[in-house]
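To start, the structure under review is shown below, and the notes come after it.
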Amino acid sequence: MAGLAPMIDRFGRRITYLRVSVTDRCDFRCVYCMAEDMTFLPRQSVLSLEELDRLASAFVARGVRKLRLTGGEPLVRRNIMSLISSLARHLGNGLDELTLTTNASQLHRYADALADCGIARINISLDTLDPAKFRAITRIGDFAQVMRGIDAADRAGLKIKINTVALRDINADEIADLIAWAHGRGFDLSLIETMPMGEIDTDRTDQYLPLSLVRARLSQRFTLEETDYRTGGPSRYVSVRETGGRLGFITPMTHNFCESCNRVRVTCTGTLYMCLGQDDAADLRAPLRASADDDLLHAAIDAAIARKPKGHDFIIDRDQKPAVARHMSATGG
Ligand code: SAM
Ligand code: SF4
């Protein structure tokens, strides 16, 4: 399939980064992400591993150089390693990086296999180092198991980045300690603002903590030095002089990162979202299932990329419904 046209949208942005949510299911129920009694998709509406492979490979043929698997929790999908090892065939063959975002609950089982497949870096979501607080945030997660997973990934040689959602009343006072811990272990850490995605059980205005405020507070403990380090994502990085580590800020709410957006997202049902913060989407499952060759699929991808919007409309406001109805676990962040 080499030689297919690259994906370039109306604003001249080249799409080189695809995030694929391989399942909407998860073994945690993080308070900012899901309702406690989430209903998950019926299995028949979810793409098979073979279909996910075909879909992601079609995007690689169109110029995607970085592929991130996410979820839900990607490592709870049954036989996930067969998909990962199959997609790894594209590494060095169009694809520069295959990676994943995980809550680390299953990493103790998979870390070595991931490294063996050629995965070099992973993102791990972790919002606290306090086991009781961890249980409160994830509702069911086991902190010790997550730590075992992180240790296994580290031992396997995977480069780890920690992602931490800044939550006003939950971990605001712990962020500096999380940074010190992550940097002490040689991990980068990025802070994320909560985004208004999907109905949850609480009001997000209660949890929203602008990173501008976090940064001002961190500056009292650390010397934050600007860097031009980028990983192809929306994180803006500083280096922390006292720890020698890197700290990223992902600020969808206070800083608009849309102008350099190079990414699209596919859900586990084959729905393509051209923007994390907009509801417009394209169904790729129907063209995928309609024919064994990929012509219809590529036509649907072209039509969708031509509609990629200029930017998102996130506003966190007490009186407003979430900007998008779907949960982050549907598109995987
Ligand atoms: N289960 C995996 C994990 O937690 O890493 C992958 C999927 S999870 C949806 C991806 C990331 O989205 C996590 O870092 C999580 O903290 C973040 N996230 C979930 N809901 C969010 C929200 N409403 N606003 C900001 N980040 C959110
Ligand atoms: Fe699961 Fe990740 Fe959402 Fe937490 S943030 S509930 S781990 S999908």
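The values are calculated or read from the model by the stated rules, or taken from the named source; none is laboratory data. Source: prediction; values computed, not measured. Note that we place each Cβ from the backbone using ideal geometry, even for glycine, and neighbour counts take in every protein chain shown. Accessible surface areas use protein heavy atoms only, side chains included; no ligands, DNA or RNA. Shrake-Rupley method; radii C 1.70, N 1.55, O 1.52, S 1.80 Å.
Test GLU36 against the stated conditions and say whether it is within 21 Å of THR138 (Cβ to Cβ) and open to solvent by 70 Å² or more (accessible area, probe 1.4 Å).
Taking the combined requirement at face value, the residue satisfies it.
Which of the following residues is within 14 Å of ligand 2 (Cβ to nearest atom), of a type in the set (Asp, Glu) and surrounded by fewer than 17 Cβ atoms within 10 Å (Cβ to Cβ): ASP173, ASP169, ASP177, ASP142?
When all the criteria are applied, what remains is ASP142.
Among the numbered criteria (1) closer than 22 Å to ILE80 by Cβ; (2) within 16 Å of ligand 2 (Cβ to nearest atom); (3) open to solvent by 40 Å² or more (accessible area, probe 1.4 Å), which one does GLN44 miss?
(2)
List pairs: first residue in segment 19-46 and closer than 14 Å to THR267 by Cβ and of a type in the set (Gly, Ala, Ser), second residue at pLDDT 95 or above and open to solvent by 40 Å² or more (accessible area, probe 1.4 Å) anywhere in the structure, Cβ distance under 9 angstrom, at least six positions apart or on different chains.
Filtered contacts from segment 19-46: SER45/ARG285.
Could you tell me which of the residues ARG148, ARG135 is within 15 Å of ligand 2 (Cβ to nearest atom) and of a type outside the set (Gly, Ala, Ser)?
Only one candidate passes the filter, namely ARG135.
Considering each residue of segment 8-47, count those that are away from ligand 1 (no atom under 15 Å from the Cβ), in a loop (DSSP other than H, G, I, E, B) and within 19 Å of LEU98 (Cα to Cα), and give that number.
2
Exactly one of these conditions fails for ASP27: (1) out of contact with any helix residue (DSSP H, G or I) (no Cβ under 6 Å at 6 or more places or on another chain); (2) within 14 Å of ligand 2 (Cβ to nearest atom). Give me its number.
(1)
Just one of (1) open to solvent by less than 40 Å² (accessible area, probe 1.4 Å); (2) at positive phi trips up ILE119, so point out which.
Checking ILE119 against (1) open to solvent by less than 40 Å² (accessible area, probe 1.4 Å); (2) at positive phi, the one that fails is (2).
Could you run through segment 72-108 and say how many residues are open to solvent by 50 Å² or more (accessible area, probe 1.4 Å), assigned to a helix (DSSP H, G or I), more than 11 Å from ligand 1 (Cβ to nearest atom) and over 19 Å from LYS161 (Cα atoms)?
Qualifying residue count for the region: 3.
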